[in-house]
Each structure stands twice: as structure tokens, then as C-alpha cells.
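The values are calculated or read from the model by the stated rules, or taken from the named source; none is laboratory data. Note that this is a predicted model, so its numbers are computed, not measured. Every residue, glycine as well, gets a Cβ built from its backbone with ideal geometry; the counts of neighbours run over all protein chains shown.
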Amino acid sequence: MRIFWTIVAKELISFMRSWGLLAVVLYSFTLDVYIAGAGMQIKPRNVAVGYVDETGGGISQKILSHLHGPEFVQPKRFLSQKALSEAIFNKKILVGILFDRDFEKDYREGREAVMNVLLDATAASQSFTTLGYLQNIVMDFNKVDFPVALKAHKLFNQNADNHTFMALSEMLSIITMLSILLPAMVFVREKEEGTWDIMLLMPIDTKVTILAKSFSQVLIIFAGTVICTGFVLFGSFDMPMNGSFWAFLLLTFFYIFTSAGIGLFVASVSKSILQVAQLSMIIMMPMIFLSGAWTPIHAMHPVLEKLSLISPLRYYIEGCESIFYRGTQWSDLWPYFTGVILLGSVLYWYGFRKIGKLF
Amino acid sequence: MMFGLEVRNVAVAYKGKSAIRGVSFKAGAGEIIGFIGADGAGKSSLMHAIAGVGRFSGEIVYGGETYRSPAEAEKLKQDIGLMPQGIGLVLYETLTVGEHLEFFASIRNLKRTDAFRTYRNKLLEMAGLSAFVDREAGKLSGGMMQKLSLICTLLHRPKLLILDEPTTGVDPLSRRELWEILDDIRKSEGTIILVSTAYMQEAAKMDRVYLFDSGEIIAGGSAEQLIDSVREYTYTEIPCSEKQRCFSFDKRSYSLAPLDVPHAEPTLEALFFVNALKKGYAMPKMELEARESDAPIPDIVLEAKALTKRFGEFVANDRIDMQLRAGEIVGLLGANGAGKTTFIKMLLGLYAMDGGELLLLGKPIRSGEDRRTLKAKIGYVSQHFALYKDMTVRENLLYFAQMHRIETKKALVRIRKYAEALGYRAYLDALPASLPLGINQRFSITAALLHEPVILFLDEPTSGVDTIARAQFWEIMELLKEKWGITILITTHYMSEAEYCDRVVLFKEGVKVADATVETLYKEHPEAADFEEIFMEYYR
């Protein structure tokens with residue numbers, strides 16, 4: 001046992017003294033998660049609108065007067081459609097509106113008046129939400145008599161706030177990335193620096209070495225997770241906490257071991273840190289894509305939906321959302337714990353065997 | 001002098017620390033200029049400055065053009081060839097020999113004329129690589145890699161060739177071949193060659209040698225002139241007492257004050273000792289106490305019987321028998337790729353054996369449990385003294401002690417004892433990367449000795465280490481043999497060091513070709529002047 005803690009201590013000292021690595025890990029758990037949460041804007045904000053008005057004002061100006069801050073900057077007038085298109089092409093303008101000569105006339109005479117909207121669809125969510133705004137504005141002019149009112153009730157996330165969700169997703173992705181990378185790196189660093197043979201020459205059970213080395217990295221990531229949850233999720237984004245914080249920590253602990261298993265596998269087949277980085281990316285991206293972090297699982301192709309069952313991140317994300325937003329009780333969290341622990345045991349056992357063969 | 005090189009007052013500093021201070025010298029076409037000196041003396045910095053790849057102050061004149069910065073040197077780059085330090089550093093593991101030449105010709109923008117092809121084939125011929133054009137560089141031996149690096153550097157026919165320790169870590173045979181290439185090139189192309197080396201026998205082949213010490217050239221001239229300058233301080237070997245200010249190494253003793261023994265013929269190595277004496281540097285007195293463990297060491301410590309290792313089709317070690325006895329220093333010699341490292345790794349239990357048997361203290365090593373007992377009884381110093389660079393010397397040593405289940409208190413006492421005995425106490429709280437190689441070497445030896453092993457393996461422990469540190473190293477080995485009575489197995493490329501071994505084992509292409517005492521080998525080869533020639537006999 002003393003040997004186990006000696007190795008853990010040695011790895012922690014090495015980590016604390018590698019300034020670059022320490023900085024990257026700290027950044028990932030703080031600023032990176034903060035930026036992901038704060039920077040993610042689905043609502044339009046400061047959208048640049050341009051227009052060409054051939055009607056001589058009136059209705060068109062009334063419509064445009066609805067486009068104001070903070071969502072829109074003052075609409076800018078262009079003299080021709082060509083100039084407007086050019087501005088959109090050059091990314092000066094995101095949304096262009098064309099009022100042609102007949103617009104006002106058709107409107108006044110009760111015919112269908114057409115207002116053309118040009119959207120820069122590369123900024124998809126922003127421009128389409130803007131389109132939704134425009135439709136609402138136009139609807140207000142049209143007083144439709146339709147006796148159905150829509151009243152929405154927002155559940156679990158009362159402010160329909162994307163920030164906490166994005167920040168949480170980012171943190172879980174960071175945990176995944178680092179818990180593959182760091183355990184892989186502690187082994188491959190020994191290969192790169194030529195200390196591998198010396199490590200093998202210690203008269204110690206190889207299992208102790210592998211366990212201690214991966215455990216030291218689990219500790220680091222665990223500490224990072226606690227910092228991130230405390231300062232970024234709760235501190236900056238007022239993340240709700242409807243369930244048990246301990247359940248979250250326990251689930252995280254198991255999940256880190258799961259990814260560490262993948263890390264061990266990566267370490268067993270890589271010769272250099274560069275290879276670790278490349279391989280980790282290749283393994284991690286599908287894991288994240290299939291987890292439901294970026295796309296809801298029910299929106300996936302049926303085959304991918306089935307595949308997502310083997311992504312441990314899926315259980316972890318669903319588990320975390322349940323704990324934070326839905327406040328699910330311990331007894332009802334068992335599917336997530338089972339998924340993570342089951343996949344985790346298999347992955348860690350496999351990685352352990354793989355790297356053990358090198359000893 | 002048609003294409004002269006003149007270095008005027010060149011200085012290089014890194015982050016405020018000066019590496020080279022005001023160095024000047026001249027070289028003419030076809031001359032080979034040698035740089036010798038301890039590591040960190042500034043040789044590499046000067047070479048990089050001359051090659052125009054590093055910033056410097058002062059000026060360098062070459063071929064009538066003067067440059068004061070890398071930018072100004074740009075127009076001369078087609079005439080300059082630089083081979084940096086480190087085996088295979090300029091090579092790409094997965095490219096073949098032919099592809100390397102093709103690649104270096106392309107980046108140098110060489111026209112594929114008949115003359116080019118003839119020259120290319122001549123280079124391949126000289127390097128002995130004609131038969132290996134389709135072999136990947138990663139699969140070449142260290143010596144072949146260096147020859148390939150050299151011909152890649154020569155491909156654009158540089159008129160100024162700068163080679164930074166091209167022969168370090170290379171076996172005597174490949175070293176000799178490298179020198180033949182250089183000699184041929186300077187004669188046929190009139191190239192100025194600047195070369196740094198750690199092997200003093202090579203320095204004797206140069207037209208002029210400059211001795212570097214802490215960023216300055218402290219002596220210069222032909223090998224004979226330099227040797228003459230230290231003749232009066234060189235004596236036949238006597239044991240230096242504590243009070244006398246003198247060094248003993250390689251059958252000679254050096255002292256500024258006259259000694260009571262006849263003079264001896266010095267080698268260039270004498271320069272280092274005399275310089276150290278003149279600077280008042282005293283070699284720390286090494287002392288070592290007896291082992292704390294009193295378990296007796298049997299006569300035969302380790303025995304290999306018909307040990308065989310295969311990598312696929314390739315037989316790296318073919319039925320090798322060897323006995324390692326207590327109180328014996330065994331030198332394991334052989335060209336790069338002869339199977340020395342593989343053999344040691346098998347003895348260490350790092351590689352599985354493909355045949356044969358290994359007995360430690362009379363007991364065969366078979367299971368994983370056996371292997372663990374083996375590991376507890378051996379000490380190993382790896383090539384380049386790899387230790388954990390993020391931990392201080394003390395932390396490193398403490399870590400190794402813990403791994404061997406030595407009590408913390410006892411371990412701290414031992415660490416202090418060794419640090420004092422081997423003279424690096426002042427460096428205990430420094431990080432290994434900031435230490436001179438010689439200190440790292442001694443501290444790696446301590447790491448391998450903390451658990452008082454019965455066998456010590458050292459893989460090229462003196463490669464790249466300066467002469468004085470090497471002298472100290474052998475003193476430690478002698479002490480270990482005397483006071484501890486353990487077995488020591490060493491690989492080395494310094495043939496002069498073979499003479500310090502009680503027994504020498506020679507490998508050639510995975511087979512043991514010699515296993516005898518140095519005296520016996522000299523008797524068997526009466527015509528050989530030194531051990532290097534005996535070595536060559538086996539490789540002819």
C-alpha cells in the first residue's frame with residue numbers, strides 16, 4: 001500500500017511541476033467551460049440587418065422599426081439588391097430584407113404583399129431565429145382571427161436558459177477528454193523520456209503500478225470537476241441542483257475510471273504523446289457525438305441510436321442531467337449507474353490487460 | 001586560401017547566460033578543425049552560430065561574405081551543411097535510405113543530372129549503404145544512421161561542413177568509416193570541416209584542435225602541439241594521495257607539481273586534466289562504505305546458458321553463454337546493432353527469452369515471481385541516465401528507495417551518504433535537467449545502488465560524458481568492486497575503457513565472438529597497439 005501511495009504522490013508531483021499541463025487542465029475546467037456556457041447564443045443578438053426599400057416608406061419603415069436592440073442593430077439601407085447581396089456575401093450583413101415597388105401597393109389593396117428576406121444560412125441558428133422574429137412582426141400586422149392561444153410551461157429549466165446546459169455539456173466533454181488523455185500520458189511520458197525500462201525494473205507487482213498511475217490521474221480530474229462545478233456551474237451560471245451532489249460525484253468517479261480504461265488502451269498502442277493525442281481524438285469524437293451531448297438521441301438515425309447505447313458518456317450525461325435538473329432520487333438513478341459501471345468495468349479491464357502485456 | 005572561414009569575436013548568450021564569449025579562429029579549405037571540451041563548454045552554440053541558425057554577436061567571414069546574424073547568413077546556406085548532435089536526429093524513421101537522399105536533394109533544389117547521380121552513388125558507396133537503399137531509416141543501426149545523416153548533409157556538396165559530435169554513441173568500426181568519408185570529402189571537394197568530438201583518438205586525425213572550457217577557447221593547435229604543451233605534467237600512474245593535487249586516469253597521472261615517477265606519453269585527454277588542475281579544480285575524493293546488507297555473494301552471481309532472442313526472422317542473440325562472477329567488472333563490447341542492449345534487457349528480465357536459461361544466484365528464472373526477485377537484486381543505469389525530470393535529485397532517489405521498500409528514514413540517511421561520497425551533495429535539490437551530465441551520471445548510479453544490488457548493469461554510462469567525469473566514474477566502479485564485491489556489467493564505445501574491465505565480452509551480429517581478460521586478448525593479438533585494433537580484428 002505504501003508503494004501505491006508513493007507512485008500516486010510521484011505522479012501528482014510531476015503533474016504539479018509540469019506548468020504547461022497544469023495550465024491546460026485548469027483552463028479546461030474553468031475558462032473553457034465558462035466560454036462554452038456564456039458564449040453560446042441561440043437568441044439573436046446584435047444581428048446586422050440591411051434592407052432595400054423601393055416603396056418610399058410607410059409600412060416598410062413600420063416593420064423595420066420593430067427591429068431594435070439588443071437583438072438587432074439599426075437596420076442599414078442599401079440602394080440596390082446587388083449592393084445588399086454583396087454586403088451579405090462579405091459578412092457585413094446577416095439578414096437582408098427587400099421591399100419591392102409593389103409591396104406597399106399590394107398591402108394597401110389587400111392583396112398578398114411579398115417581402116423578400118435574404119438570410120446568411122451559414123449562421124444558421126441566428127438567422128433562422130431572426131426569421132422567426134420577422135414572422136411574428138408580420139403576423140402582428142395581420143391580426144389573424146384564430147381562437148387558439150398557445151401557453152408554454154417550461155419544465156426543469158424555468159428560464160429556458162441554454163447557458164447551464166451548454167456549460168454542463170462542455171464540462172462533461174472535458175472530463176471525457178482529460179480522463180482519456182491524462183492516464184494515457186502518464187504511461188507514454190515514461191516511454192518518451194526513456195524511463196519506461198526503469199519503471200519496469202521496480203520489484204513491484206505490475207498491477208499496483210498500473211492502478212496507482214491511473215488512480216493519480218483520476219484524482220486530478222476529480223479535483224478539476226469539483227472546481228468546475230463549484231466555481232463555474234454554480235458560481236457563474238446559477239446551475240440548479242435539484243438532486244444529490246454526492247450522487248453526481250459518485251457517478252463522476254465511476255465515469256472517470258471508465259474513460260481511464262480507454263486511456264490505458266491508448267497508452268498501450270502509442271509510442272509518443274502525439275500519437276496519444278491523435279488516437280484519443282479519434283476515439284473521443286464518436287463517443288461525444290453518440291452521447292446526446294450535441295444532438296438529442298431520439299433525433300439520431302436508428303442505427304446510431306442503438307450504437308449510442310455503448311457510449312458510456314450517454315449514461316453519464318443523462319445521469320447528470322437527471323441529478324442537476326430533474327432532481328432524480330438515488331433509487332431512480334440506477335440505470336445510469338449500471339450503464340456507467342458496466343461499461344466502465346469492461347473498458348477498464350480491457351485497458352488494464354492491454355497495458356499489462358507491455359510489462 | 002580560396003574559401004576561408006574566419007570567426008571574429010563571436011559570442012552567444014541564451015536568456016542572459018553566455019554560452020560562448022568572444023571566440024575567434026580561422027580555417028582554410030580542406031582543413032578539419034576539431035572542437036573538444038566538456039559538455040556545456042559552448043561547442044554546439046558556436047557551431048550553430050557559424051551555421052547561421054542561431055543568433056550571435058561578432059562577425060563571421062566565409063567565402064568573402066561577412067555575416068552577423070542568421071538572416072545575413074541566408075545567402076550562404078547553400079554552401080553550408082550542418083549535422084546536429086544526436087543519432088538519427090535529421091532522419092525520418094519511416095523513409096527509406098533512397099527516399100532520404102531524394103528528399104534532401106529536393107529540399108536543396110538539386111538538379112538530377114548525371115553528375116548528381118554519380119555523386120549520390122559515390123556517397124552511398126562510401127557509407128556502405130548501397131545495399132540498403134530500400135531499408136527504412138528506423139531499422140538501421142546507430143552507426144548506419146549516422147552515416148546516412150552524414151551523406152544527406154553532404155548531398156548538396158557543402159563547402160563548409162559543421163558536424164556536432166557525429167560519432168558519439170557510435171561504435172569504433174562505424175566511427176572509422178565516418179572518418180574515412182570525411183577524409184575523402186575534404187580531399188576531393190576541398191571542404192572546411194568543423195567537427196566536435198568526445199573521442200580523443202579522433203582529435204588526433206584533425207589538422208587543428210581547439211579546446212573549449214566554459215565558453216572560451218583555452219588552447220588551440222595541432223594535436224602534437226597540444227600534447228607537447230602538457231607533456232611536462234604527465235607521469236606514469238601512481239595512486240594520488242589526498243594532499244597531492246593530482247589526477248590519475250588511463251595509466252597516467254597528472255600533476256602541476258613534479259612527481260617522483262617517470263614521465264609518460266600524454267594523449268589529448270591530458271589537456272582536460274591539466275586545465276582542471278590549473279583552474280584549481282579538485283577532484284572530489286570518492287569514498288564508499290561496505291554494503292549494509294551482510295548476505296554473502298556467491299561466486300557465480302548470474303549465469304546465462306544458450307540465451308536466445310529473436311525478433312521475427314531476425315536473431316538478435318544467438319545461444320549466448322556467459323557467467324558473471326562476484327567482484328568482477330565485465331565489459332560488453334560490439335558494434336551498434338550487435339545485440340548488446342537486447343542481451344542486457346534479457347538479463348534484466350525486460351525481454352522474454354526465446355531459448356536458453358538464466359540463473360540468478362544458482363536459481364533459474366522462470367516465473368513472473370522469479371523475475372521480481374531478480375529485479376530486487378539488480379541495479380540498472382540506462383543510456384542517457386533517464387530519470388524523472390520533474391522531480392529533484394532527492395525526490396527521485398527517495399522514490400526509488402520507496403519502490404525497493406527501504407524505510408524512509410534509512411533511505412534519507414543513505415541518500416545523504418551517497419551524495420557526499422560521490423560528491424554531488426550541493427545538487428540534491430536541483431532538477432536533473434539543470435545538472436551537468438557527469439552529475440546526472442553519478443546520481444543515476446546512486447539510484448541503481450540504493451537497494452544494494454548484487455549486480456549492476458550500465459548501458460553506455462560514459463557516452464557523451466566529459467573526460468574528467470569519466471575518470472571519476474571509473475573510480476566509483478573500482479570502489480564498488482573493492483568494497484562491495486558485486487558484479488558489474490558495462491557496455492561502452494570507448495575502447496580505452498575496456499582496459500578497466502577484468503574481462504571483456506565481444507558481440508558480433510548477435511553471437512559472442514570473444515570472452516577473455518584484456519591481457520589474454522593482447523596475447524592473442526600481439527600486433528595490436530591498442531584495444532581498438534583488437535576490436536577491429538574481430539570485425540574484419
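A few points about this structure:
- For region A:98-118, residues that are in a strand (DSSP E or B) and under 14 Å from A:I63 (Cβ atoms) total 5.
- Residues of region A:160-194 classified as on the phi > 0 side of the Ramachandran plot and more than 14 Å from chain B (Cβ to nearest Cβ), total: 1
- Meets criteria (free of Cβ contacts under 8 Å to residues at least 24 places away in the same chain and either within 14 Å of chain B (Cβ to nearest Cβ) or surrounded by fewer than 22 Cβ atoms within 10 Å (Cβ to Cβ) (or both)) for A:F234: yes
- In region A:291-306, of all residues being surrounded by fewer than 20 Cβ atoms within 10 Å (Cβ to Cβ) and within 18 Å of A:T176 (Cα to Cα), the one that is farthest from the chain's Cα centre (by Cα) corresponds to A:T295.
- Considering residues of region A:198-212 that are within 16 Å of A:A267 (Cβ to Cβ) and in contact with a Leu (Cβ under 9 Å, 6 or more places away or on another chain) only, the residue farthest from the other protein chains (Cβ to nearest Cβ): A:I210
- Residue count, region B:480-506 (criterion: under 26 Å from B:N275 (Cα atoms), assigned to a helix (DSSP H, G or I) and not acidic (D, E)): 4
- Here A:R2 passes the criteria (1) within 14 Å of chain B (Cβ to nearest Cβ); (2) of a type in the set (K, R); (3) more than 25 Å from A:L219 (Cα to Cα) except the one numbered (3).
- Verdict on B:T492 being closer than 30 Å to B:P298 by Cα, surrounded by 15 or more Cβ atoms within 10 Å (Cβ to Cβ) and either at pLDDT 85 or above or assigned by TED's automatic domain parsing to the domain that holds B:V170 (or both): yes
- Number of the exception - A:E305 against (1) farther than 23 Å from A:I220 by Cα; (2) outside any loop (DSSP other than H, G, I, E, B); (3) touching a residue at least 24 places away in the same chain (Cβ under 8 Å): (3)
- No other residue among A:S214, A:S179 is out of contact with any Lys or Arg (no Cβ under 7 Å at 6 or more places or on another chain), under 22 Å from A:G319 (Cα atoms) and buried (at least 21 other Cβ atoms within 10 Å of the Cβ) apart from A:S179.
- Hits in region B:430-463 - residues which are touching a Phe, Trp or Tyr at 6+ places or on another chain (Cβ under 9 Å), closer than 19 Å to B:K340 by Cβ and part of a loop (DSSP other than H, G, I, E, B): B:P461, B:T462, B:S463
- The listed residue being more than 30 Å from B:D184 (Cα to Cα) and at pLDDT 90 or above, out of B:S57, B:S18, B:S24: B:S57
- Condition met for B:A49 (under 30 Å from B:H384 (Cβ atoms), of a type in the set (A, V, I, L, M, F, W, C) and surrounded by fewer than 18 Cβ atoms within 10 Å (Cβ to Cβ)): no
- Filter result (touching a residue at least 40 places away in the same chain (Cβ under 8 Å), closer than 20 Å to B:D39 by Cα and of a type outside the set (D, E, K, R)) within region B:164-180: B:P166, B:T168, B:G169, B:V170
- For B:A264: the one exception among (1) free of Cβ contacts under 8 Å to residues at least 60 places away in the same chain; (2) within 14 Å of another protein chain (Cβ to nearest Cβ): (2)
Every residue, every condition in (1) closer than 22 Å to B:I445 by Cβ; (2) not small (G, A, S), yes or no:
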{"position": "B:F314", "(1), (2)": "no, yes"}
{"position": "B:G334", "(1), (2)": "no, no"}
{"position": "B:G339", "(1), (2)": "no, no"}
{"position": "B:G349", "(1), (2)": "yes, no"}
{"position": "B:A352", "(1), (2)": "no, no"}
{"position": "B:G356", "(1), (2)": "no, no"}
{"position": "B:L359", "(1), (2)": "no, yes"}
{"position": "B:R372", "(1), (2)": "no, yes"}
{"position": "B:S382", "(1), (2)": "yes, no"}
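- Scanning region A:15-34 for residues that are of a type in the set (G, A, S) and touching a residue at least 12 places away in the same chain (Cβ under 8 Å) gives a single hit, A:S28.
- The listed residues are A:V24, A:V52, and the only one of them that is of a type in the set (V, I, T), more than 14 Å from every other protein chain (Cβ to nearest Cβ) and assigned to a strand (DSSP E or B) turns out to be A:V52.
- Tally, over region B:500-540, of residues that are in contact (Cβ under 8 Å) with a residue 60 or more places away in the chain and of a type in the set (A, V, I, L, M, F, W, C): 8
- Wholly enclosed helices (runs of 4 or more DSSP H) of region B:304-413 bearing at least 2 residues within 14 Å of chain A (Cβ to nearest Cβ) and under 21 Å from B:G169 (Cβ atoms): B:340-348
- Among (1) more than 19 Å from B:R208 (Cα to Cα); (2) part of a strand (DSSP E or B); (3) among the hydroxyl-bearing types (S, T, Y) - the single one B:S24 does not satisfy: (1)
- Checking each residue of region A:345-354 against the condition of being among the charged types (D, E, K, R), in a helix (DSSP H, G or I) and more than 20 Å from the chain's Cα centre (by Cα) gives at least one match.
- Test: residue in region B:164-178 that is in the same structural domain as B:Y62 (by TED's automatic domain parsing), of a type in the set (S, T, Y), more than 24 Å from B:Y281 (Cβ to Cβ) and surrounded by fewer than 20 Cβ atoms within 10 Å (Cβ to Cβ): no
- Evaluation of A:Q61 against (1) touching a helix residue (DSSP H, G or I) at 6+ places or on another chain (Cβ under 6 Å); (2) among the polar types (S, T, N, Q); (3) not in a loop (DSSP other than H, G, I, E, B) (one fails), failing number: (1)
- Among the candidates A:I288, A:I283, A:I262, the residue that is buried (at least 22 other Cβ atoms within 10 Å of the Cβ) and part of a helix (DSSP H, G or I) is uniquely A:I262.
- If you check B:S293, B:S248 for being out of contact with any helix residue (DSSP H, G or I) (no Cβ under 7 Å at 6 or more places or on another chain), surrounded by 11 or more Cβ atoms within 10 Å (Cβ to Cβ), part of a loop (DSSP other than H, G, I, E, B) and among the hydroxyl-bearing types (S, T, Y), only one passes: B:S293.
- Whenever a residue of region A:322-342 is under 24 Å from A:A167 (Cα atoms) and surrounded by fewer than 22 Cβ atoms within 10 Å (Cβ to Cβ), its partners that are at pLDDT 85 or above and polar (S, T, N, Q), lying with C-beta atoms within less than 7 angstrom and at least six residues away or across chains, give the pairs A:Y325/A:N242; A:R326/A:N242; A:G327/A:N242; A:T328/A:S322; A:W330/A:S244; A:L333/A:S322.
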